[in-house]
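The values are calculated or read from the model by the stated rules, or taken from the named source; none is laboratory data. Every value quoted in this text rests on a predicted model; they were computed, and no experiment measured them. Cβ coordinates were reconstructed from backbone atoms using ideal geometry, including for glycine residues, and neighbour counts include every protein chain displayed. When the accessible area is computed, the model is the full protein with side chains, heavy atoms only, and any ligands, DNA or RNA have been set aside. Shrake-Rupley method; radii C 1.70, N 1.55, O 1.52, S 1.80 Å.
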Amino acid sequence: MQLMRHNNQSGRSDRQSGFTLLEMVITIVVSSIMAIGIVSFIGDAVSGFISAGNRNQLSSAGRTVVDRIAMELHNALPNSIRVTTAAPNGDQCLEFIPFQGASSYVNPPFTGTGGDEFEVINFNPALIAGPASGLFAVIYPIDLDAVYEDPIPASGPRAEIDQISDPAPADGRVTVTLTGTHRFSRRSPVDRIYVTESPVSFCISGNYLFRYQNYGFENTQPQVAGLPATAPDRALISDSISNAALTAFTIQEATLRRNAIVSINLNFVDTLDTVRLQHEVQIRNVP
């Protein structure tokens, strides 16, 4: 009896343990499913992180563009902003006249045949310009067509400036000399005069946004084809625009309760990421 018991125990101890084929297959399948899930999760997380970074960069670049346009619009001559009709592909132009300074006039010519020289209270900051300055004096700009009229008529809101000088610094006045005899058509209720530059345009052309300058005044707002084609008078602002079927620039005219408003609507695209920015700019409308 003792001998048989010993043999049975020896038999049990000699048996080997391990995995069956079925267990191995199940283990491999489960491990594969878990690996696929983990890889997919990590891939989605990385892809989302990269996409979020791209959108953040695109949004930041787009905000810089919108802020650039808004900043320049804040220095637009009242009632000088005009836009073209948006094309189906999104091409559109926004035009305005930037001003360098504003002050109160003293004795500009409003009667008779006019004159070519008058005094203005000192500009703040100071504004002095040499001969053939390329600047313009504008008084009471309430008519958009009259502001852009070219050639400049003998009577109207805009006259070309030859120079701005300060012959007697102690009197608090500067002298504005025009390039020819001119009569301003209307007095400003608050005696305000603006000194402006030539018009500026922001235009969407395909996927690009350009800024144009030094092309002069035109009675009809120019399209891209009629604007400068090379630097420095054409500057690239953005190459990531996709504004098809959108209107980039809209003007809401001023009312008795609010200023005029320019709405900016730009769609920025980079590979598969898209960011659309909408912004409104309040415009000075007190001439």
>> I'd like the orientation of helix 2-14 relative to the chain: the angle between its Cα long axis and the longest Cα principal axis, in ° from 0 to 90, rounded to 10.
In response: 30 degrees
> Going from most exposed to least, what order do E95, E23, E119 have by accessible area with a 1.4 Å probe?
Replying inline: E23, E119, E95
>> Rounding to the nearest 10 and keeping the result within 0 to 90°, find how far the Cα-based axis of helix 21-73 lies from the longest principal axis of the chain.
In response: 10 degrees
>> Suppose each label sits 7 Å from its Cα in the direction of the beta carbon; what would the T113-D67 distance come out to in nanometres?
In response: 5.4 nm
> When mean projected area of the Cα convex hull in nm² is calculated directly from the model, which label among (i) 29.8; (ii) 15.7; (iii) 14.0 fits?
Replying inline: (i)
> Taking a 1.4 Å probe, which of L21, L178 shows the most accessible area, and what order do the others take after it?
Replying inline: L21, L178
> If you rank H74, H182 by how much accessible surface each has, with a 1.4 Å probe, what is the order from largest down?
Replying inline: H74, H182
>> Please give the charge dipole size of region 47-171, origin at the Cα centre, charges +1 on K and R Cβ atoms and -1 on D and E Cβ atoms. Round to the nearest 20 debye.
In response: 840 debye
>> From the helices alone, meaning DSSP H stretches of at least four residues, give me the mean residue ellipticity at 222 nm for the chain, per-run term -39500 (n - 2.57), in deg cm²/dmol to the nearest 500.
In response: -8500 deg cm²/dmol
